[in-house]
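This report concerns only the one structure given below.
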Amino acid sequence: MMSMGLAAVLGISAVLTGCASSAARPTPAAAAGRAAARTISLEEAGGEPRPSAAAWPDAAALIRQYNDRDLGSPGWRRVSLEILTRGEVKRRFVVLTLWKRSRRDVRSVFALEEPDALSGANYLLDEAGAFEPLGMRVHLFLPLGDRRVLQIAPANFDEGLLGSDFTYLDERLQFPSRGMSYSVAGTSVLQHERVWVIEARPSSAAERAICSWATARFFLSRRAPVVLGADYYAGDAGSRRPVRRMRVEGVRQFGPVWMGSKMTMSDESGHASVLTLAASGFHKRELETLRFSNEELEALSDRIRARGARASAASDGGIGGVLP
Amino acid sequence: MGGDGWRRGLRRREVIRLEAAEISSGAGPYNMRIPGCGFEPARLGRAIVGQSCRRPRLILCAAAAITAAAALFVPRVTLQLDGRSLVPAGDPSLAESDSASRRFELRDTVLLGVADEAHGIYSPAALGTIYRIGRELQRTRGIVPDSVISILTAPRVRLSGEVIETTPLGGSKGALDEAAARRIRREAEASVWNGMLVARDGRAAAIAAEVEPEADRAALLANFREIARRETLAGHTVYVSGAAAAQAVLGNSAARDLLRELPLVILALGGVLMLAFRHPAPAIISLSEILMSVLWTAGLMGLTGQSIFVTTLVLPVILVAVGVSDDVYALCHCFEGLSHSTGPVRDIVDKEFRAVARPIGVTAASTIIGLLSMALTGLEPLRVFGIFGSLAIAFSTLFTFTLVPAMTVLLVAPARAAGRGARGFLSGAAGALTRPSLSGPRRVLAIGIAGVLIAAAAAFRITVDDSWTKNLPPDSDVARGDASLNRLLAGTTRLELMVDSGRPNGILEPRMMQAASLLTTAVSRLPFVGAVHSIYDSILDVNAALHGQAYGAFRERVVAGAVHLGPAALDQTVLLISSVKRAALRKEIDDDRQRTRITVFIRSADYNRLAEVLHTVAAAGGGIARLGGRIVPFGDGWISYTTVRLLVRGQVWSIGVALLTDLVLLSLLLKSPRLGLIAIAPVAFSVLIVFAALAAARVPLGIANSMFAGIAIGIGLDFSIHLTSAYRQHAAARLPSRESLARAIAGTGPAILTSAGAIAFGFSALCASDVLPNVQLALMVCLSLIVCAVSTRVFVPSLVLAGRSA
């Protein structure tokens, strides 16, 4: 029933983490990142010899290396999320995301700025915590009715964020370090980039109950900590067509931070969702003032609604007015 | 000449010789030249007959070789079981509904029902049965696993403390004990699913699943039956229903029918022909050529990638029965010639077949027109039947002038004089039928007009209806299951309504919600509507959960105005639903929130019930229209309704066009519009009588049995064509009307009765069918042919004589 999408995880997380800063005080690191922004080309990717199976690295090491990458924390980004049916844009959201890594975990807040009727609705994603399953927790705040902060049950982690094809799992910045078993399935070339193919399977009944897929293949760049795509299979990988597929259509580097600038998640039924980066900033010290707690969601919602979604998007593209 | 005098004065042999001489010399009424090119089709026909008689073995080998080649393509003919395939793709009447079906990813469904009428289904044992069936369906190949839904697995948005979750109604884990059963009952009765997935009185529950479009329905049905059998043995009655199951049953029955009835019809026809001719050769010859023409047609269907439909799977059986008609006329003449002539068989056969080339050409044309008229109905099965049926007749006619004379030359020589006894009897019977018409034509005509008026009055009361389940063998498990589930649950037929607000997010405007609620309330008040479900029910369900209330109670508060849901609340509720059950949401509302789907469950749906629901929708949907929205019906119920509408319109058109075309054709050939009208009258009368009989028996006209009209017009017209043209020939030889008629009747009588008897007997083999419409079709064709044969003998002479004296 649910369709998790760990892969987009990495695709989206790349967007989340990568972002070139615009508003707010630029930090030296952010400035360096902006200066270094560039697009990977085929020529750059070529020339590297194909490693033999014996030379494949350990999957755990690849995962650890990826999870330990520079997230640009604390950072923010604004994306447009378009939901398409048979190629036609049916719905468009503007989402502001803030994230912060602490010693214990990584937390992200997704605040809806557009459309107006949904402005102020927001999610809090807590990952890499000591929670079960998959070490993640999701809270949702809706400004309607009782204005309660609701916790999304783990069984719904593979449901669509805002009804899109991206799921809560896809929003993660890191691969789950618990509840999944990983293996290196080989090497390949994706988007003209040499990649490691990492195969993931839910490792226990609790995770299998969450994931609608049985096997996922993530395509992790061999040159940089960025996931370029993912295929989700109902059975063994490659046995049938994937039930969902994520592709990163643009990759950029900002200093130590890599990210995708456009990602598409599509399914078998002709539905697709496209995330496009509009603006971003990272290593933003002013975000340290946010606590990234579920108690904070209501206040954050009110500030976004007070500021007006259109104003935020049209002015400097930054996060002015969002911070307390 | 009156009374028996006409018979005594008649020298049959002379009549036949006269006809043959006139026809072969081109002096008869059939003489036709294609203007501008000097080409005479009849001359070509005569040349073909000549060659066939001279080189019979070559003809036989060539026909066998082409038949073998055609047989190779027969396996490529596919069987269409999908309900939507009944109406051609792109048909304007279904264009919008197709689009709606794609938008909401609609598929055929299967329904398994668990019933315990004594104790109800809220017991651990019954719930266990439901659970096991659901699990098995999920694992069944061809079933969309995520689509399987029952009272145990129906998603329910629930607030547990501060955790919002979509748990199955039956809970996510734990044993199904008494306490769990009581909890499930409590929650199910308070849920939006009450009345849809479980009977309100708790006596039955349904497990519904969607079927992959390309799934093997026969294999699926076998699987469902096995599940039902096993679980019924375990203690609870399990029913199987749904369009996918009905299609599979119908497919199996029709295929079984084909295998069983084809030999039966061959045996029946063979028997009648042997009896009529007192010789095995006509049966062997005629059936060989018909089977070859059927194989050619099936091969051509395979070659062109055509599908055959479950409602027209009996096409070969029908073609075999129909195809015998021309052969009977030709062989009657040929045997008559053989019994009275001397000389080489080849020459006699050549001469006799040349003599009948024109009338048989005309009757073949009228049969083709009758069958082709079915293509005007706009229904795919009838279109395919009409086009390929007429092709088969064209092949059969070609064989009548090639293979049949060739085989006659090879097979008939040793017993050329046989068969006179039977034909003598038939001739006597034909004469007895006609006697009153010759002695008192006006009296007979008055009786006929009275009959027409009575039949017309009765025929106006005919009903039209069709559905998968009503076509099933009445004793089939699926038919019985469907009846039981219609009685116990909300109904097995779904009529879907797409509400298009006309603008993005329009569905979530409170005024639109109010207008749609008025619509669903009006529809749900209809006594045969079991349940109505829409996105607004889901919205209320989630809000009820957020408010910690039962769905039913919360709904009442909203309806009473105690709770107001504003635009933001509606939008955010849908956002919440999309956050916890996205896949289900896409089945209810489109991504831009412009369109939504309302599902109406109808018990024992038929055309009238569907029409009443649609009428109510039109009346109660005014609010939606005033807000700039519109309603588009789609789904199984709409296809069924549209099919019947197309059938009605098509029947009127096809019968009218066939009769008119035949009238023009006959008027030209007989060089008299009056004679053309007279020739058409018996077949029109016979069709009217059958409609009247259907109305009297309260049998609705459906897709399968409606084919009778085309067949009846196609074959029935042959009788009067032969009679009127023979009359025309004699009249052209300046014989008095009465004598011309007497001679024509004597000359054509045996052939008409043999043909009518053989075809009717052949069709009677269809009475052994498991598929009710096939039995009806057989009876209707038999009735129509008998009425047509008799009325041709009775009314044609009356009309001719009455017209003359007037």
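Let me spell it out: the conditions are (1) at pLDDT 80 or above; (2) over 20 Å from B:S293 (Cα atoms); (3) buried (at least 24 other Cβ atoms within 10 Å of the Cβ), and B:A330 meets all of them except one. Which number is the exception?
B:A330 satisfies all of (1) at pLDDT 80 or above; (2) over 20 Å from B:S293 (Cα atoms); (3) buried (at least 24 other Cβ atoms within 10 Å of the Cβ) except (2).
Are any residues in the stretch B:721-746 aliphatic (A, V, I, L, M), in a loop (DSSP other than H, G, I, E, B) and either closer than 16 Å to B:A789 by Cβ or without any contact (Cβ under 8 Å) to a residue 12 or more places away in the chain (or both), and if so, which ones?
Result: B:L735, single match.
So that you can scan it fast, the table gives a plain yes or no per residue for (1) aliphatic (A, V, I, L, M); (2) not in a loop (DSSP other than H, G, I, E, B):
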{"site": "B:S99", "(1), (2)": "no, yes"}
{"site": "B:R107", "(1), (2)": "no, no"}
{"site": "B:L111", "(1), (2)": "yes, yes"}
{"site": "B:E117", "(1), (2)": "no, no"}
{"site": "B:Y122", "(1), (2)": "no, no"}
{"site": "B:I133", "(1), (2)": "yes, yes"}
{"site": "B:Q138", "(1), (2)": "no, yes"}
{"site": "B:D146", "(1), (2)": "no, yes"}
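Going residue by residue through the stretch A:218-241, is there one that turns out to be within 14 Å of another protein chain (Cβ to nearest Cβ) and within 17 Å of A:M136 (Cβ to Cβ)?
no
The rows are residues; the columns are (1) away from chain A (no Cβ under 14 Å); (2) buried (at least 21 other Cβ atoms within 10 Å of the Cβ); (3) at positive phi; (4) aliphatic (A, V, I, L, M).
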| residue | (1), (2), (3), (4) |
| --- | --- |
| B:V114 | yes, yes, no, yes |
| B:A118 | yes, no, no, yes |
| B:I121 | yes, yes, no, yes |
| B:T140 | yes, no, no, no |
| B:I151 | yes, yes, no, yes |
| B:L176 | yes, no, no, yes |
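It is to be established whether one or more residues within the stretch B:568-591 are more than 28 Å from A:E82 (Cβ to Cβ), facing chain A (nearest Cβ under 8 Å) and assigned to a helix (DSSP H, G or I). Spell out how you get there, then give the answer.
At the first step, the residues of the stretch B:568-591 found to be more than 28 Å from A:E82 (Cβ to Cβ) are none.
No; the residues of the stretch B:568-591 include none that is more than 28 Å from A:E82 (Cβ to Cβ), facing chain A (nearest Cβ under 8 Å) and assigned to a helix (DSSP H, G or I).
So that you can scan it fast, the table gives a plain yes or no per residue for (1) of a type in the set (F, W, Y); (2) assigned to a loop (DSSP other than H, G, I, E, B); (3) within 14 Å of chain A (Cβ to nearest Cβ):
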position	(1), (2), (3)
B:R593	no, yes, yes
B:I598	no, no, no
B:S604	no, yes, no
B:L610	no, no, no
B:V613	no, no, no
B:A618	no, no, no
B:I631	no, no, no
B:I639	no, no, no
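Could you tell me which of the residues A:R240, A:R305 is touching a Pro at 6+ places or on another chain (Cβ under 8 Å) and modelled with pLDDT under 80?
After ruling out the rest, the residue left standing is A:R305.
Given the residues B:L723, B:L663, which is the only one that is surrounded by 24 or more Cβ atoms within 10 Å (Cβ to Cβ), among the aliphatic types (A, V, I, L, M) and touching a Pro at 6+ places or on another chain (Cβ under 9 Å)?
On the way: B:L663 fails: surrounded by 24 or more Cβ atoms within 10 Å (Cβ to Cβ).
One residue alone meets the criteria, B:L723.
Hey, any hits in the stretch B:256-268 for a residue that's touching a helix residue (DSSP H, G or I) at 6+ places or on another chain (Cβ under 7 Å), among the basic types (K, R) and touching a residue at least 24 places away in the same chain (Cβ under 8 Å)?
Within the stretch B:256-268 (the criterion being touching a helix residue (DSSP H, G or I) at 6+ places or on another chain (Cβ under 7 Å), among the basic types (K, R) and touching a residue at least 24 places away in the same chain (Cβ under 8 Å)), the answer is yes, since at least one residue qualifies.
Looking only at the stretch B:531-564, which residues are part of a loop (DSSP other than H, G, I, E, B) and more than 9 Å from chain A (Cβ to nearest Cβ)?
Result: B:S534, B:G548, B:Q549, B:A550, B:G561, B:A562, B:V563, B:H564.
Those residues that are in a strand (DSSP E or B), more than 15 Å from A:N67 (Cβ to Cβ) and not hydrophobic (A, V, I, L, M, F, W, C), I need them from the stretch A:176-208; list them, please. Give the derivation first.
Filtering the stretch A:176-208 for residues in a strand (DSSP E or B) gives A:180-190, A:193-202.
Okay, now just the ones that are also more than 15 Å from A:N67 (Cβ to Cβ), so A:181, A:183-190, A:193-195, A:197, A:199, A:201-202.
Passing the criteria: A:S181, A:S183, A:G186, A:T187, A:S188, A:E193, A:R194, A:E199, A:R201, A:P202.
Considering the stretch A:273-294 alone, what residues qualify as being outside any loop (DSSP other than H, G, I, E, B) and buried (at least 23 other Cβ atoms within 10 Å of the Cβ)?
The answer is A:S273, A:L275, A:S280, A:G281.
Among A:S177, A:S164, A:S203, which is hydroxyl-bearing (S, T, Y) and free of Cβ contacts under 8 Å to residues at least 60 places away in the same chain? Quick ask: steps written out before the conclusion?
Details: A:S177 fails: free of Cβ contacts under 8 Å to residues at least 60 places away in the same chain; A:S164 fails: free of Cβ contacts under 8 Å to residues at least 60 places away in the same chain.
After applying the criteria, what remains is A:S203.
Sort out which residues of the stretch A:153-175 are hydroxyl-bearing (S, T, Y), within 17 Å of A:V248 (Cα to Cα) and either in a loop (DSSP other than H, G, I, E, B) or within 7 Å of chain B (Cβ to nearest Cβ) (or both), and write them in order of number.
Of everything in the stretch A:153-175, just one residue is hydroxyl-bearing (S, T, Y), within 17 Å of A:V248 (Cα to Cα) and either in a loop (DSSP other than H, G, I, E, B) or within 7 Å of chain B (Cβ to nearest Cβ) (or both), namely A:S164.
Output yes when any residue across the stretch A:99-107 is aliphatic (A, V, I, L, M), in contact with a Leu (Cβ under 6 Å, 6 or more places away or on another chain), under 17 Å from A:F282 (Cα atoms) and crowded, with 19+ Cβ neighbours inside 10 Å, and no when none is.
Yes, that holds for at least one residue.
Tell me which of these B:A756 doesn't satisfy, since it passes every other one: (1) without any contact (Cβ under 8 Å) to a residue 60 or more places away in the chain; (2) surrounded by fewer than 24 Cβ atoms within 10 Å (Cβ to Cβ); (3) assigned to a helix (DSSP H, G or I).
Condition not satisfied by B:A756: (2).
Confirm whether B:L694 is among the hydrophobic types (A, V, I, L, M, F, W, C), assigned to a helix (DSSP H, G or I) and either over 29 Å from B:C767 (Cα atoms) or in contact with an Asp or Glu (Cβ under 9 Å, 6 or more places away or on another chain) (or both).
No; evaluated as a whole, the condition is false for this residue.
A:L150 - would you say it is over 20 Å from the mean Cα position of the chain (by Cα), within 8 Å of chain B (Cβ to nearest Cβ) and assigned to a loop (DSSP other than H, G, I, E, B)?
Working: over 20 Å from the mean Cα position of the chain (by Cα): yes; within 8 Å of chain B (Cβ to nearest Cβ): yes; assigned to a loop (DSSP other than H, G, I, E, B): no.
Criteria not met by A:L150.
For residues in the stretch B:268-299 being out of contact with any Asp or Glu (no Cβ under 8 Å at 6 or more places or on another chain) and hydroxyl-bearing (S, T, Y), which is surrounded by the fewest Cβ atoms within 10 Å (Cβ to Cβ)?
Step by step, filter the stretch B:268-299, then rank; the result is B:S288.
Taking the conditions exactly as written (buried (at least 23 other Cβ atoms within 10 Å of the Cβ) and in a helix (DSSP H, G or I)), does B:L675 satisfy them or not?
So B:L675 fits the description; yes.
Residues of the stretch B:447-489 being within 14 Å of B:G637 (Cα to Cα) and crowded, with 23+ Cβ neighbours inside 10 Å, which ones?
Those that are within 14 Å of B:G637 (Cα to Cα) and crowded, with 23+ Cβ neighbours inside 10 Å: B:D466, B:S467, B:W468, B:T469.
Give the stretch B:193-221 a look and list any residue that's part of a loop (DSSP other than H, G, I, E, B) and either surrounded by 22 or more Cβ atoms within 10 Å (Cβ to Cβ) or on the phi > 0 side of the Ramachandran plot (or both), or say none.
Listed by number, the residues that qualify are B:W193, B:G195, B:M196, B:L197, B:A199, B:G202.
Name the pairs: first residue in the stretch B:279-292 and farther than 17 Å from B:C61 by Cβ, second residue among the small types (G, A, S) and buried (at least 22 other Cβ atoms within 10 Å of the Cβ), Cβ to Cβ under 7 Å, at least 6 apart or on different chains?
Here the result reads B:H279/B:G419; B:I290/B:G323; B:I290/B:S396, each pair linking the stretch B:279-292 to a residue that is among the small types (G, A, S) and buried (at least 22 other Cβ atoms within 10 Å of the Cβ).
List every residue pair whose Cβ atoms lie under 6 Å apart, where the two residues are 6 or more positions apart in sequence or sit on different chains, the first residue falls within the stretch A:79-104 and is closer than 15 Å to A:L118 by Cβ, and the second residue, located anywhere, is of a type in the set (G, A, S) and part of a loop (DSSP other than H, G, I, E, B).
Note: pairs meeting the criteria are A:L81/A:S164; A:I83/A:S164.
Scan the stretch A:209-221 for residues that are at pLDDT below 90 and either assigned to a strand (DSSP E or B) or not aliphatic (A, V, I, L, M) (or both) and report the count.
Matching residues across the stretch A:209-221 total 3.
The values are calculated or read from the model by the stated rules, or taken from the named source; none is laboratory data. Quick caveat, the model's predicted, so the values are computed rather than measured. Please note: Cβ atoms are built from the backbone with ideal geometry, for glycine as well, and neighbour counts cover all protein chains shown.
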